[in-house]
């Protein structure tokens, strides 16, 4: 979508009486004004500008909001996650999310905590999705770099999911798969009748794998309804997960947070597995904003 702006002068954007610029959902993290895309920067009317990386993404995390120079998942974990996802092991979940969003008819989707971009790419290549605007944010710069390289057609930004630099009421649907965010920011960026899809691990998710790590593995707890939302629908998706190659098993080991809970002996034992038969179990919750909360 494009709009004409008269008389505006933005750093990095050619000045003229009438400038044709693409619409953007991004919001200046300094002053909360709209960001406009130019040839090499995103800029707001107040003069704050943010360089567009060679891969096409923009970094909207302010220095004072960074907890570390390498926030989010490390490079090795992200690359293993990509290998695992591209192996199709979670393809049934991706197909279900594509179907839900197709039924919704959302013309814009924001993936919060998108990682290396697997689910957005499935949406991008789904039949009939050509007119849907896709956006992804993640706090891990390397994740967004990988996502942007794989799908430059999608708008990506490095961003804190608890401080979303996204304009109010700018997206029709928000997708969040195994990620965390602030419910008030999700509600703020959604259209009043928008859809929030949250995917969390079901009680049986990776139960065989977890039994190798913990003496008494606990079932995953049910996620609560986020403040300001009402639950429209909940769905369980369970299927067999059969990993028959050491690379796939290694990908699972390296991409999950369970890695950080293993002692060296346990890590070596599961990392050397050549196959794994387990259960993938997901809870898909569909939420709508409460009418009196938008």
Any idea which of 176, 233 is outside any helix (DSSP H, G or I), assigned by TED's automatic domain parsing to the domain that holds residue 287 and more than 24 Å from residue 88 (Cβ to Cβ)? 233
Scanning for something within 28 Å of residue 125 (Cβ to Cβ) and touching a helix residue (DSSP H, G or I) at 6+ places or on another chain (Cβ under 6 Å), does region 213-236 turn up at least one residue? no
Count of residues meeting criterion [in a strand (DSSP E or B) and exposed (fewer than 12 other Cβ atoms within 10 Å of the Cβ)] in region 243-268: 0
Sort out which residues of region 211-239 are over 30 Å from residue 99 (Cβ atoms) and surrounded by 12 or more Cβ atoms within 10 Å (Cβ to Cβ), and write them in order of number. 211, 212, 213, 214, 217
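The values are calculated or read from the model by the stated rules, or taken from the named source; none is laboratory data. These numbers come from a predicted model, not from an experiment. Glycine gets a Cβ as well: all are built from the backbone with ideal geometry, and neighbour counts include every protein chain shown.
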